[in-house]
Amino acid sequence: MVHLTDQEFHTLVEFVHSKYGINLSKKRVLIEGRLSQTLRQKGFTSFRQYIDLLKADRTGAEITAFLNRITTNHSYFARENEHFNYLANTVLPYMERTRNNRDLRIWSAGCSAGQEAYNMAMTIDQYFGPKKHLWDTTILATDISMNVLNRAKTAIYPENNLTNVPAIWKQKYFKPLGDGNYQVCDKIRKEVVFKPLNLMEPFHFIKPFDIIFCRNVMIYFDAPTTDRLIEKFYNVTAPGGYLFIGHSEVINKEVTKYHYVQPAIYQRGV
């Protein structure tokens, strides 16, 4: 195993934190364990050489590969399902009453392999039913990793990702491929647009969002980074819009302008 020197570890932690907001200060053993083989494959004898490669890479391929190795892109359908129930039972009825232009702006930030975004699209389709064609509910789904975005675009998932999906939804929204995998139906796939985005960079959106999901992304951030990101989300949330975060994540209620609704759900004032 190739070991990190103190200086190499400090340099790597600072670089990743400043550029991507991810806090690796307590991940030294994990980094050494997951990256040593990569270094050997590249013929490197020190992490210094690898860090230089990350900094010099202009394609983004190396840093994406690095982030894929040290973060866990684990997701499945109906994860923290109470959020989708709240979306269907409270948020969508509110939006139907208040959004007279029938244009909903929706963002799945840190979408991983796409299960969350497609789950949102299914919930919306189920709610509006035959009225769905009257609404624009296209979902923007973003992630820093091109690897997971490419997987998301295929919309193919193993059966164990569908464990919590109701049988009627499984029949309606998924197509069995015969090899143990399922593909999201075309109707739902067309509702989601996938794009790469680094949450640490400035947001450039033309219109604010009515619904933002950013769940289990900020677990990698320290408190100041989280505070700054929540403020950025607030600034691109429409009046009355909602923010959903992961149940293991915390927003500083003393700092945020969002109104607390219930655990992991916040709303911007009207």
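The values are calculated or read from the model by the stated rules, or taken from the named source; none is laboratory data. Quick caveat: nothing in here was measured; it's all calculated off a predicted structure. Cβ atoms come from the backbone with ideal geometry, glycine included; neighbour counts cover every protein chain shown.
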Only residues that are of a type in the set (Val, Ile, Thr), at pLDDT 95 or above and surrounded by fewer than 18 Cβ atoms within 10 Å (Cβ to Cβ): list them for the range 257-270, please.
261
Which ones in the range 218-246 are surrounded by 15 or more Cβ atoms within 10 Å (Cβ to Cβ), in a loop (DSSP other than H, G, I, E, B) and at pLDDT below 95?
221, 246
Given (1) touching a helix residue (DSSP H, G or I) at 6+ places or on another chain (Cβ under 8 Å); (2) crowded, with 16+ Cβ neighbours inside 10 Å, index of the condition residue 13 fails:
(1)
Which pairs have Cβ atoms under 7 Å, sit 6 or more apart or on different chains, and link a residue in the range 125-138 that is assigned by TED's automatic domain parsing to the domain that holds residue 184 to one that is of a type in the set (Asp, Glu) and assigned to a helix (DSSP H, G or I)?
132/125
Among the residues of the range 120-157, what is the count of those that are out of contact with any helix residue (DSSP H, G or I) (no Cβ under 6 Å at 6 or more places or on another chain) and closer than 13 Å to residue 184 by Cβ?
7
Considering only the range 124-144, how many residues are surrounded by fewer than 22 Cβ atoms within 10 Å (Cβ to Cβ) and either small (Gly, Ala, Ser) or assigned to a helix (DSSP H, G or I) (or both)?
10
